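Undergrad: First, the structure itself, so that you have it in front of you.
The values are calculated or read from the model by the stated rules, or taken from the named source; none is laboratory data. None of the values given here were measured: they were computed from a predicted structure. FYI the Cβ positions are ideal-geometry reconstructions off the backbone, even for glycines, and counts take in every protein chain you see.
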Amino acid sequence: MTDDLRGGPLRDPAALEMVCDAVGDDGALCRVTGTLTEASLLQAGQGLDLALRTGRRLLVLDLARVLVCDSAAMDYLLRFGEDARAAGVRLRLSAASPAVSRVLDETGRRAVLAVYDSVEEAMAAAPEEAVEAAADPAGGADAATTADTTAGTDTTTGTDAELPQQRPSP
C-alpha cells in the first residue's frame, strides 16, 4: 500500500518524523510530519536539542503535516522554547495544521509561542516581530507580518551534516 501517487511508502500515522535543514547563514527549518505528542517529541527531542547546538540563531518548526497533536506537545514546545531562548535561539512555529491550530487555541499557547501562517513569514520576521507575535493575545502572526515577508530571505539549504535528521525507527 502506498500513500502518494509516486508509490511512496505508507507512513505510520502514529510516528513523528522530523527533517531539519540549514537555511541561510543563521537559520534552521525542521519539517515535522505525523503525530505530535509529548511522547513523540521526547523521542525526537535529541534532534531538537542538537538543532539548538548548531550555532544557528533561528529555529522554525514547520507543522503543516502534523496529523495529530495534544496539549502535552504544546507544553513540551513551550519548555523547549524557553530552553531555546536561554541558548540565544529564536523558536518559531509555522504553517500549523488544523490539529495543531486547535490545540494552540484550546490551550492558549498561541498567545505565548511565536506562531506564523507560513514558513516564509517565520523565516523573514525580524527578532522583535517574533516577540510581538508571541505576546499578541489574538495570537495572530498578523502583528508579525509585513507587506512583503519574503524580501531578503535567503533560502539556501545547507548539508544534512549541519543539522540532525530525526526519523522513526522501522
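Undergrad: Inspect all residues belonging to segment 79-87 and state whether any of them is crowded, with 23+ Cβ neighbours inside 10 Å and under 13 Å from the mean Cα position of the chain (by Cα).
TA: no
Undergrad: For segment 63-77, how many residues meet the condition of being surrounded by fewer than 22 Cβ atoms within 10 Å (Cβ to Cβ) and either under 21 Å from G88 (Cα atoms) or in contact with a Phe, Trp or Tyr (Cβ under 7 Å, 6 or more places away or on another chain) (or both)?
TA: Residues flagged as surrounded by fewer than 22 Cβ atoms within 10 Å (Cβ to Cβ) and either under 21 Å from G88 (Cα atoms) or in contact with a Phe, Trp or Tyr (Cβ under 7 Å, 6 or more places away or on another chain) (or both) within segment 63-77 amount to 2.
Undergrad: Same structure, new question: Restricting the search to segment 67-91, which residues are hydrophobic (A, V, I, L, M, F, W, C) and in contact with a strand residue (DSSP E or B) (Cβ under 8 Å, 6 or more places away or on another chain)?
TA: L67, V68, C69, A73, L77, F80, A84, V89, L91
Undergrad: Restricting to segment 83-103, name every residue that is more than 16 Å from C30 (Cα to Cα), out of contact with any helix residue (DSSP H, G or I) (no Cβ under 6 Å at 6 or more places or on another chain) and either at pLDDT 95 or above or among the acidic types (D, E) (or both).
TA: The answer is D83, P98, A99, S101, R102.
Undergrad: Something else about it: Which of (1) touching a helix residue (DSSP H, G or I) at 6+ places or on another chain (Cβ under 9 Å); (2) modelled with pLDDT of 80 or more; (3) of a type outside the set (D, E) is the odd one out, the single condition R79 does not satisfy?
TA: With respect to (1) touching a helix residue (DSSP H, G or I) at 6+ places or on another chain (Cβ under 9 Å); (2) modelled with pLDDT of 80 or more; (3) of a type outside the set (D, E), R79 is out only on (1).
Undergrad: Could you check how many residues of segment 52-68 are within 17 Å of E106 (Cα to Cα) and either in contact (Cβ under 8 Å) with a residue 40 or more places away in the chain or more than 13 Å from the chain's Cα centre (by Cα) (or both)?
TA: 2
Undergrad: Give me the pairs: first residue in segment 76-104 and under 13 Å from D62 (Cα atoms), second residue surrounded by fewer than 22 Cβ atoms within 10 Å (Cβ to Cβ) and of a type in the set (F, W, Y), beta-carbon distance under 7 Å, and six or more apart or on different chains, which are they?
TA: The qualifying pairs are L91/F80.
Undergrad: Determine whether R92 is within 21 Å of E17 (Cα to Cα), surrounded by 15 or more Cβ atoms within 10 Å (Cβ to Cβ) and of a type in the set (K, R).
TA: Answer is yes for this residue.
Undergrad: Under the condition of being closer than 13 Å to V19 by Cα and over 13 Å from the mean Cα position of the chain (by Cα), which residue from segment 35-51 is surrounded by the fewest Cβ atoms within 10 Å (Cβ to Cβ)?
TA: Result: Q46.
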